[in-house]
Amino acid sequence: QVQLVESGGGLVQAGGPLRLSCAASGLLFSTANMGWFRQAPGNQREFVATISWNGRRSMSYADSVKGRFTISRDNAKNTVYLQMNSLKPEDTAVYYCAGGSSYSTIRSSDYDYWGQGTQVTVSS
């Protein structure tokens, strides 16, 4: 059974940093492409960042987070991270970790596995 468990969410002031983690089990993590999505109240789930299985060849970001967020992975720890800097109130959302076999995709429908989400709240 595949499990993705996010952690690291919380309340932070605008301009501050936060790092999310997603621990994976039950899948061959070293060959899985991983992504982060987010969903704010009343909005659809949106793409944030993705990283390819080997972590080097392909990383993509939503325009709204480019230059502020960094996705990375540690295949030895079966964990993917999202380092978020210079946070803005509009970054407030539930953040979801996702995994799948599709390479470097920004479409949520291409991901096979999802975590339960972690709340990030940015105060102004």
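The values are calculated or read from the model by the stated rules, or taken from the named source; none is laboratory data. Given the structure is predicted, the values throughout are model-derived calculations rather than measurements. When we count neighbours, we look across all protein chains shown, and the Cβ atoms used for this are built from the backbone with ideal geometry, even at glycine.
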| Those residues of segment 34-60 which are touching a strand residue (DSSP E or B) at 6+ places or on another chain (Cβ under 6 Å) and over 17 Å from THR92 (Cα atoms), in sequence order | MET34, GLY35, THR50, ILE51, SER52, TRP53, GLY55, MET59, SER60
| remark: Of the residues in segment 1-35, those that are touching a Cys at 6+ places or on another chain (Cβ under 6 Å) and among the hydrophobic types (A, V, I, L, M, F, W, C) come to LEU4, CYS22
| query | Does SER52 fit the bill of being touching a helix residue (DSSP H, G or I) at 6+ places or on another chain (Cβ under 7 Å), surrounded by fewer than 19 Cβ atoms within 10 Å (Cβ to Cβ) and modelled with pLDDT under 95? | reply | no
| field | Residue check for TRP53: assigned to a loop (DSSP other than H, G, I, E, B) and of a type in the set (Phe, Trp, Tyr) | value | yes
| request: Look through segment 15-39, keep the residues that are aliphatic (A, V, I, L, M) and surrounded by 14 or more Cβ atoms within 10 Å (Cβ to Cβ), and return whichever of them is farthest from the chain's Cα centre (by Cα). | output: LEU27
| request: Identify the single condition in (1) in contact with a Gly (Cβ under 7 Å, 6 or more places away or on another chain); (2) farther than 29 Å from GLN13 by Cα; (3) buried (at least 20 other Cβ atoms within 10 Å of the Cβ) that GLY99 does not satisfy, given that it satisfies every other one. | output: (1)
